[in-house]
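Following: one structure in structure tokens, then a few remarks.
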Amino acid sequence: MDVFQISVAAKLASPSQMWFYDLRAPVVKMQAAALALAVLSVFFSLDCLCAHRSKPNHTPHQNDETGPKQRNQPHIIFILTDDQGFNDIGYHNPTIKTPTLDKLAAEGVTLENYYVQPICTPSRSQLITGRYQIHTGLQHSIIRPSQPSCLPSHMDTLPERLREAGYTTHMVGKWHLGFYRRACLPTRKGFDSFFGSLTGSVDYYSYGSCDGPGLCGYDLHDDEGVAWGQEGKYSTMLFTQRARKILESHDPAGRPLFLLLSLQAVHTPLQPPKPYIYPYRDMANVARRKFAAMVSTVDEAVRNVTYALRKYGYYKNSVIIYSTDNGAQPFTGGSNWPLRGRKGTYWEGGVRGVAFVHSPLLRRRRRVSKALLHITDWFPTLVSLAGGNISQSQGLDGFDVWPAISEGKESPRQEILHNIDPLHKSPSQTTTWDEGSEEASVHTSKGPAFKKPKKKKVLKQQPKQKSAFKLKTTKKPWTFSHHAAKPKPKSKPLPKLKHKPLPKSNPIPKPKTRAYSQHQSPSRYRPGTSRPKPQPQVQSRLRSKSRRTTSQKQHLLQLVSPRPKSKTQLRLHLKSKSRRMLPQYQNTSLPQTSHPTPFQPLWDTSVQAAIRVGDWKLLTGDPGHGDWVPPQVLPTLPGRWWNLERSISSSHKSPTHKNIWLFNITGDPYERQDLADKRPDVVERLLSRLAYYNQTAVPVYFPPDDPRANPSQHGGAWVPWVDEGEDEEGKYEGVYKKGKNSKKKRKKKRCRLCKLKAFFLKLNTRMMSNRI
């Protein structure tokens, strides 16, 4: 303040007095400079102090910002198509015009290692529940309209978990998860509203659905009532209009939205509007032309939905997921080229799906993801993304893969169990893979091992039935079965395997469970090495064991064939004197011994099953027709070109039925090099994983048709027909099998290829007569 007074006085002083201040000028300047530095230091110290004091206030402010982001959950739009193949989208096949889908995929993340199930019901059940179908009882086939079956009543669903997290849930389109009672309807499984069809295949204009000759009814529902009066409106456009109404009526700033748009397209019947056919007029094949037109209707529907998201304020905080439910059916115009197989098979063409994720919330966009994903992963992924609690859902088979999708991190998934269907077995024989041996013993349709059951229509899986999957280890034998004879501790849910990146030399992780033993020789199962021949003493000991007359040993020898002389290849040995009508693992038991033996059945390879572990994929039983079907470029189907990719004609089958296939999908994505004979070590490890998963499986629930489901008894519509108080599930403890009628039909030998050609000839004639 003294300096300030001096400067003011200097300004007010007269010129005669200025000499006094000039003498003190150097001192004044020094004091002024020191004071300025002191003021600056105080100022900076106060600023730092304020900043330090503001940190506690600033941290809650950051929490307040992240808090609303967590509470401001993204709007989730899941678009599910039906029967769209790998080659039925523009970014895989330029002849298919899907500009909207191509743009959304290019600006988002394209999922090129994504898997679904080969048919409708299993894929949809695994999407809704997050569990493999072996854990829901839906291992076998689809749920037909007349079957009293649906999702398990005790199992939670994806919309239920999202609704608990604060979401409004809506579903539009195809359900196909059962409706025999009202508790099975979508509105009872977590959806606030439902508009669509309940069965698997509906006419696009009349909404009629048939479950056999003379068993047809109307199938379009609004919530839990029948939506009459919608005939003549194309289903894809009708479903899109309802989705847009939901987006328009909902407040995006309020509660978050989950919308499942499950389109019926591009499932049969092939009924595209005529204006959409014109761009594909140059396609010679009529079925392919109509199919491509229906794909274009899907593209337009997605464009309208995304436009509504932008218009009504959802887009900036939304996640759009596009996925098919299974592979395409080439007979009806679809294409999975260049993948092998088709819809209904466990080849890549049946289970590798088209999918992408588009969202402004993605951290790394405009890329292609090779992360291994499965349709069961959407349950935990979306619940976690919505801020829900996954721990409340016990027994999930899916993984939270959002970091892999959004940030490009490694996928936590290393295994996919495609399915285990004990009701679908190879018709000609029963094969057992023996642990510790390089061969599989095969039993043909004749022999004293099993007596033919008389007049059985229902194959009951009672709780006290014993299985034959008994695997020996160096510690304790383990029994794999659906039901055990003696009470056993409750099976724990299948643990999620957190595998490390698999080395190229040995891409199969060693199972942590005691699924198979490695016996005494550590080099016996070493990958890439040939197995040593047994010593003469071992062979003599085995021969002496084979001469024992105990019933258990005789039973064991009936299950297993003698070891072949060559140990470098896997060989299937036919026994013409054995015949069995039921699965081997459901009707036999092996003696339990404390020491490992080389003759132990590891897996009944006649059972239809498929599993993916790392780079390897194993198929057993009958995986379905394994053709590589080229794109349909010719007007007729089938013809000579149909068999260009088939090594063996269907009319000349090999006498030795093959039951095991092994492929390295990473190096051979088209499944052209079967490595089962070259890599028995990998086969054995994957079979042990199948046996392990089979231990956790629940009994198959596939009840017979209920005549009360006939729409003629319900006003001409497919509606629930069982009262809530009626215990329909307890009525069918087993699995339905047709008896006399099916056996009589099997006795008649018919030319399947000739019948197929005649059918498509008539079909093509009718299509050409329409002049489309």
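We did not get these values from a lab; they are worked out from the coordinates using the rules stated. Bear in mind that the values here come from a model prediction, so they are computed numbers and not experimental data. Neighbour counts run over all protein chains shown; Cβ positions are idealised from the backbone, glycine included.
Points worth noting:
- Sparse-neighbour loop sites [trypsin sites (Lys or Arg not before Pro); the range 327-370; at most 16 other C-beta within 10 Å; DSSP]: Arg363, Arg364, Arg365, Arg366, Lys370
- With bins 10 Å wide beginning at 0, the percent of Cα pairs of the range 177-270 falling in each bin runs 14, 46, 32, 7, 1, 0.
- Extension gain, Cys754 to Val368, is 134.6 nm, computed as 0.36 nm per intervening residue step minus the present C-alpha separation.
- About the centre of its Cα atoms, the range 181-299 shows a dipole size close to 240 debye [charges on the beta carbon of Lys, Arg (+1) and Asp, Glu (-1) only; nearest 20 debye].
- Charge context of Arg352, other residues only, Cβ under 12 angstrom, K/R +1, D/E -1: +2
- Listed peptides 373-382, 230-239, 134-143 by packing density, highest first (mean Cβ within 10 Å): 373-382, 134-143, 230-239
- Electrostatic tally near Leu362: other residues with Cβ closer than 11 Å to its Cβ, Lys and Arg +1, Asp and Glu -1, net +3.
- Taking a sphere under 14 Å around the Cβ of Gln608 and counting the other residues whose Cβ falls inside, with K and R at +1 and D and E at -1, yields a net charge of -1.
- Cα-Cα over 19 Å, subset of Lys425/Lys658; Lys274/Lys755; Lys370/Lys409: Lys274/Lys755
- When each of Lys174/Lys343; Lys189/Lys316; Lys189/Lys245; Lys343/Lys678; Lys233/Lys343 is checked by Cα-Cα distance, pairs over 20 Å: Lys189/Lys316; Lys189/Lys245; Lys343/Lys678; Lys233/Lys343
- The range 304-439: projected area of the alpha-carbon convex hull, averaged over directions, in nm²: 13.4 nm²
- Peptides 157-169, 91-103, 408-420, 609-621 ranked from most to least packed by the mean count of surrounding Cβ atoms within 10 Å: 609-621, 157-169, 408-420, 91-103.
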